[in-house]
Amino acid sequence: MNSTGKDGRCLGLIGGLGPGATVYYYRGLLAAHEAVGRTARLLIAHADVNRVRAFVENGDRDGLARYLASFISSLAAGGAEMTAIVAVTPHICANELTAISPLPLIDMVSETAAEIRARGLKRIALLGTRFTVESRMFDRLGVDVVIPKPEEIEQIHNTYMDVLFDRSSPAQIDGLRQLARTLVARDGTEAVLLAGTDFSMVLNEHDAGFPTIDCAAVHIRAIAKKLLA
């Protein structure tokens with residue numbers, strides 16, 4: 001289905017991973033369309049965060065890709081022209097998913113790599129869940145990626161899970177800020193990558209208190225650019 005008039009191209013978004021992140025993407029994409037006087041055309045499929053987590057914990061990338069592709073097929077049938085996922089961790093199967101997806105996938109990691117190149121950065125720290133860090137998915141950024149220490153990874157992971165399920169405390173978020181500053185000072189990183197979409201609910205590139213690249217914000221801008229091209 002091709003867009004006409006003032007409509008943008010139609011996006012099929014895989015949401016539900018979790019709901020706050022889905023809303024973050026929805027609002028960001030609406031704002032991008034409104035800024036240029038265009039009407040957004042979005043379809044959203046609700047994936048089960050617990051089922052996705054089970055695939056990740058079992059290391060079943062092929063199974064995860066097939067699960068996500070089933071949603072993309074439905075989105076394509078509804079008229080979507082491209083697709084994107086509102087969470088970082090499912091991108092561990094980006095290669096497997098791209099091979100079987102009926103729609104072009106706007107890959108968060110690839111778009112983040114492009115942003116890092118555009119900023120001229122060479123060394124970044126990673127702030128993500130244990131699943132994201134252990135997957136090594138960000139090795140394909142093409143820069144030096146600093147991995148936090150094991151106990152720091154656990155702190156980040158536990159904080160993220162509490163943010164995801166809306167039970168985090170201000171003290172936890174302050175602890176996350178302090179840890180990020182430590183990664184910059186101790187490890188000589190130029191920026192900290194917010195490699196978890198729900199971190200965008202509590203931190204952003206403007207008020208984080210440390211040099212930041214928000215994967216979700218970068219992804220939203222890239223998606224909007226493709227939709228409005």
Point to revise | Restricting region 19-43 to residues that are surrounded by fewer than 17 Cβ atoms within 10 Å (Cβ to Cβ) and β-branched (Val, Ile, Thr), the residue that is nearest to Cys93 (Cα to Cα) | key: Val23
**Study point:** Verdict on Arg38 being of a type in the set (Lys, Arg) and within 30 Å of Arg130 (Cβ to Cβ)
**Key:** no
Check your understanding: Going by the conditions given, is Ala195 assigned by TED's automatic domain parsing to the domain that holds Arg41, within 21 Å of Gly120 (Cα to Cα) and touching a helix residue (DSSP H, G or I) at 6+ places or on another chain (Cβ under 9 Å)?
Key -> no
Practice item. Could you tell me whether region 96-107 includes any residue that is touching a residue at least 60 places away in the same chain (Cβ under 8 Å) and closer than 20 Å to Arg53 by Cα? Key: no
Exercise for review: Could you list all residues from region 131-158 that are closer than 17 Å to Ala180 by Cα, part of a helix (DSSP H, G or I) and among the charged types (D, E, K, R)?
Suggested key: Glu151, Glu152, Glu154
Exercise for review: State the number of residues belonging to region 111-130 that are without any contact (Cβ under 8 Å) to a residue 24 or more places away in the chain and on the phi < 0 side of the Ramachandran plot.
Suggested key: 1
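The values are calculated or read from the model by the stated rules, or taken from the named source; none is laboratory data. As the structure is a prediction and not an experimental result, all values here were calculated from the model. Cβ atoms come from the backbone with ideal geometry, glycine included; neighbour counts cover every protein chain shown.
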